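The values are calculated or read from the model by the stated rules, or taken from the named source; none is laboratory data. Fair warning: this is a prediction, and the values are worked out from it, not measured in the lab. We place every Cβ from the backbone using ideal geometry, glycine too, and count neighbours over all the protein chains shown. Accessible surface is based on the protein model in full, side chains and every heavy atom, while ligands, DNA and RNA are left aside. Shrake-Rupley method; radii C 1.70, N 1.55, O 1.52, S 1.80 Å.
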Amino acid sequence: MAVHDPSLQQDERRDTTLRDLRRSALLVLGGLVALAVPAYAGAVEFLDLGRPVAIVATALLLAIFALVLRGLPAHGHDRFGPANAVTALRAVLVCLITAAVCLDALPQEGPAAWIMVALVVIALSLDGVDGLLARRLGQESDLGARFDMEVDALLILALSAAAFLLDKAGAWVLLIGLMRYGFVLAQYPLPQLALPLPPSFRRKLVCVVQVGVLCLVLVPGLGAPLSTGLAALALALLAYSFAVDTLYLLRQPEARP
């Protein structure tokens, strides 16, 4: 008589779920890469950004998607899902914007500049759609939340660098994009900063406001002192939000020796 091992059956179900998830993720991410490569090539030609921008954008997108595939076990569902597909689409846009910033190829005026601003607005508009889809479809996961957060962080870093490169604000504006990464690095000497944070409307609002402000700062014709003041406001709100979260984490019982 065969003996059924519940733990073995559970492992088999987990392996099957992960295989189905990988297949689903590869289909979505591979399809987006197949669309993004020619789209990047066409965009850099039309906007006169230079072919290296398309190469850097593609390399960055492949790196991000590789990290997503590596983190699939944290998803816990057998399908990649529409929510993660929306986040991946946002990543396609953010990689093009980031590549243009990295190579200092952002147009400063004319239709090309307005198109780049429009791409930022689209990426910003899609933020929140992925979370809404995940909740509606019951597909919330640690992977989805982290994927969304990292795409947001990359966009904010790119926009803050763009504000500096376009002389919209001083070098201090880079702190807006670097603060999130500084917080992550601070988790090594202060492990309690890696503890989970409760959901916060304030945190989401500040994220949307700072991206919106940085997008506004990039609008052609809008310069100092207005652009500087708007960037300073975004930095102040972000610093306040990080300070609140940091104090909360340091006051948790786990933080005490």
Taking only the Cα positions of the chain, the convex hull volume per residue in Å³ is 147
Here the membrane-span-like helices of the chain, with no claim about any membrane, defined by DSSP H, Cα axial extent at least 15 Å and mean Kyte-Doolittle at least 1.0, are 51-70, 81-102, 110-126, 142-165, 174-185, 201-217, 226-250
Other residues with Cβ under 13 Å from the Cβ of Y181 give, with Lys and Arg +1 and Asp and Glu -1, a net charge of -1
Rounded to the nearest 10 Å², the accessible area of F201 using a 1.4 Å probe with every protein chain kept is 150
Residues other than V206 with Cβ under 12 Å of its Cβ, Lys/Arg counted +1 and Asp/Glu -1, net out at +2
Taking the dipole of the range 102-158 about the Cα centre (Lys, Arg +1; Asp, Glu -1; charges at Cβ), the one of V120, C102, A158 that reaches farthest to the positive side is V120
In Å², rounded to a whole number, the accessible area per residue of the range 138-253 with probe 1.4 Å is 50
All alpha-carbon distances of the range 1-152, grouped into 5 Å bins from 0, give the whole-percent distribution 2, 9, 17, 18, 16, 12, 9, 6, 4, 2, 2, 1, 1, 0, 0, 0
Here the averaged projected area of the range 50-90, based on the convex hull of its alpha-carbon atoms and given in nm², is 3.2
Neighbours of L143 by Cβ distance under 14 Å: Lys/Arg at +1, Asp/Glu at -1, summed charge -2
Taking the alpha-carbon centre of each part, the distance from the range 190-243 to the range 122-185 in Å is 10
If every Lys and Arg gets +1 and every Asp and Glu gets -1 at its Cβ, then about the Cα centre the range 107-227 yields a dipole, in debye to the nearest 20, of 300
Inverse of <1/r> over all distinct C-alpha pairs of the range 109-156, i.e. the Kirkwood Rh in Å, gives 12.1
When the chain is treated as a Gaussian network with springs between alpha carbons less than 10 Å apart, the largest mean-square fluctuation among L238, L137, L49 is found at L137
In a Gaussian network model of the chain with springs linking alpha carbons closer than 10 Å, the residue among P189, P107, P73 that fluctuates most is P189
